[in-house]
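This report concerns only the one structure given below.
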Amino acid sequence: MGSVRAAALAVCLVALPAYAQVRPMSTAVPAPSAPGATAGAAARGWYTELQRISVRLQRVHEAALENPALRARRDALMRAIKDGMDEADPELRTIAARAERIPAEVEAARRQGDAQRLRSLDRELAQIQARFINVEQGVLRQESVARQLRAYEELLRRQMIAIEPMTESLLARGTDLRRLIEASVSPAQRE
């Protein structure tokens with residue numbers, strides 16, 4: 001069920017209004033590079049399998065969202081998260097507007113070869129992302145939001161299983177693959 005929670009939450013957050021999307025929502029795992037040829041080949045195989053599973057689950061998820069009750073539950077949850085975030089930190093809208101301008105500034109700094117400005121923008125964006133994550137985590141711990149999230153997760157899980165009976169097995173395998181990939185990455189590469 002934890003994997004369904006992660007999938008449900010990721011999908012919910014992707015659909016939040018633009019100002020709530022300042023952090024990357026991709027769950028893709030970067031391709032690792034293991035030192036040994038055999039370990040590297042295994043890790044690449046795990047990564048490829050994980051990508052296939054992710055694509056398959058994304059299709060099932062999209063099909064599940066054709067269910068009006070699920071969409072309504074998701075929309076209510078997104079509104080609750082957004083409202084909670086607005087209430088918890090009224091400056092988020094302003095900060096989000098700033099975050100939306102950063103990519104253009106990054107591109108301009110790249111064209112000018114301004115490495116110092118790129119580092120500064122990177123730090124600023126990281127601070128904005130951290131603030132959004134902190135506010136979001138606080139909102140998700142609120143009992144009313146947590147209750148809505150659990151209800152949405154359960155409805156999503158049932159709908160996905162109705163469409164693809166292998167959903168839970170696929171989610172479990174994806175979790176296993178992520179662990180294998182993470183374990184195959186050398187400590188130096190994790191830093």
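The values are calculated or read from the model by the stated rules, or taken from the named source; none is laboratory data. Quantities reported herein were computed from a predicted structural model and do not represent experimental measurements. Glycine also receives a Cβ, built like all others from the backbone with ideal geometry; neighbour counts cover every protein chain displayed. Calculation scope for accessible area: heavy atoms of the full protein, side chains included, ligands and nucleic acids excluded. Shrake-Rupley method; radii C 1.70, N 1.55, O 1.52, S 1.80 Å.
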Review point. What pairs can you find where one residue is in the stretch 130-143 and basic (K, R), the other is surrounded by fewer than 21 Cβ atoms within 10 Å (Cβ to Cβ) and part of a helix (DSSP H, G or I), and their Cβ atoms are less than 7 Å apart, with a gap of 6+ or different chains?
Key: R131/I95
Check your understanding: How many residues are of a type in the set (D, E), within 26 Å of G138 (Cβ to Cβ) and open to solvent by 30 Å² or more (accessible area, probe 1.4 Å) if we restrict to the stretch 87-120?
Key -> 3
Check your understanding: Can you name the number of the only condition in (1) over 19 Å from the mean Cα position of the chain (by Cα); (2) surrounded by 18 or more Cβ atoms within 10 Å (Cβ to Cβ); (3) not acidic (D, E) that A72 fails?
Key -> (2)
Review point. Within 27 Å of D75 (Cβ to Cβ) and modelled with pLDDT of 95 or more, is that true of Q127?
Key: no
Review point. Do the conditions hold for E66, that is, is it outside any helix (DSSP H, G or I), more than 30 Å from A126 (Cβ to Cβ) and open to solvent by 30 Å² or more (accessible area, probe 1.4 Å)?
Key: yes
Review point. Restricting to the stretch 22-62, what's the tally of residues that are assigned to a helix (DSSP H, G or I), open to solvent by 90 Å² or more (accessible area, probe 1.4 Å) and at pLDDT below 85?
Key: 1
Point to revise | Top-ranked residue of the stretch 136-153 - restricted to ones that are under 18 Å from the mean Cα position of the chain (by Cα) and open to solvent by 20 Å² or more (accessible area, probe 1.4 Å), ranked as farthest from N67 (Cα to Cα) | key: G138
